[in-house]
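Read through the structure below, which is laid out as structure tokens, and then see the notes.
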Amino acid sequence: MTAKEDFLRKFNEAYAKSDTDFLIAHVTNDIEWTIYGDKTISGIQDFKTAVEKMKSQAKVVLKLDQIITHGKTAAVNGMIKMTGNGKTSTYAFADIYILSGFKNPKVKQMKSYLIKIGNDEK
């Protein structure tokens, strides 16, 4: 696994664990995050507010399928299973990243696709 792949694995794991400190520390001040079908988040303050709101009390299981990197661009896809309040929901996701550089990169831009798979299970 390359250093960039390891970074992206850790970034996605931080999201699944609601580790907002890690997420905020690893994006640029001018971060732009497009969540297709929902909203676009611009700037580190809006990003911080959004990830704090997304903190989940649910148990989250993350399964990464692929991490692809090339230069400053990358893509990650997989599945997220969230269990809480007696329900389980499963989502497929794909994120496209633009990184700030090659050494010690931060996320400059994210484009997220999220699809709910099936119905909530009890």
_Can you pull out every residue in the stretch 60-89 that is touching a Gly at 6+ places or on another chain (Cβ under 6 Å) and either closer than 21 Å to PHE102 by Cβ or without any contact (Cβ under 8 Å) to a residue 40 or more places away in the chain (or both)?_
LYS63, ASP65
_Candidates LYS103, LYS87, LYS81, LYS111, filtered to the one that is in contact with a strand residue (DSSP E or B) (Cβ under 8 Å, 6 or more places away or on another chain), within 23 Å of LYS4 (Cβ to Cβ) and of a type in the set (Lys, Arg)_ = LYS111
*Do the conditions hold for ASN85, that is, is it under 25 Å from ILE24 (Cα atoms), surrounded by fewer than 17 Cβ atoms within 10 Å (Cβ to Cβ) and over 13 Å from the mean Cα position of the chain (by Cα)?*
no
_Which count do you get for residues in the stretch 1-38 that are exposed (fewer than 15 other Cβ atoms within 10 Å of the Cβ), of a type in the set (Ser, Thr, Tyr) and touching a Leu at 6+ places or on another chain (Cβ under 9 Å)?_
1
*Looking at THR34, is it of a type outside the set (A, V, I, L, M) and at pLDDT below 95?*
no
*Can you tell me which residue in the stretch 43-62 is farthest from ARG9 (Cα to Cα), limited to those that are loosely packed, with under 12 Cβ neighbours inside 10 Å and of a type in the set (Lys, Arg)?*
LYS53
*Which one is farthest from PHE47 (Cα to Cα) among residues in the stretch 106-122 that are in contact (Cβ under 8 Å) with a residue 40 or more places away in the chain, part of a strand (DSSP E or B) and not aromatic (Phe, Trp, Tyr)?*
LEU114
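The values are calculated or read from the model by the stated rules, or taken from the named source; none is laboratory data. Worth saying up front: this structure is predicted, and the values here are computed from it rather than measured. Neighbour counts are summed over all protein chains in view; Cβ atoms, including those assigned to glycine, are modelled from backbone coordinates with ideal geometry.
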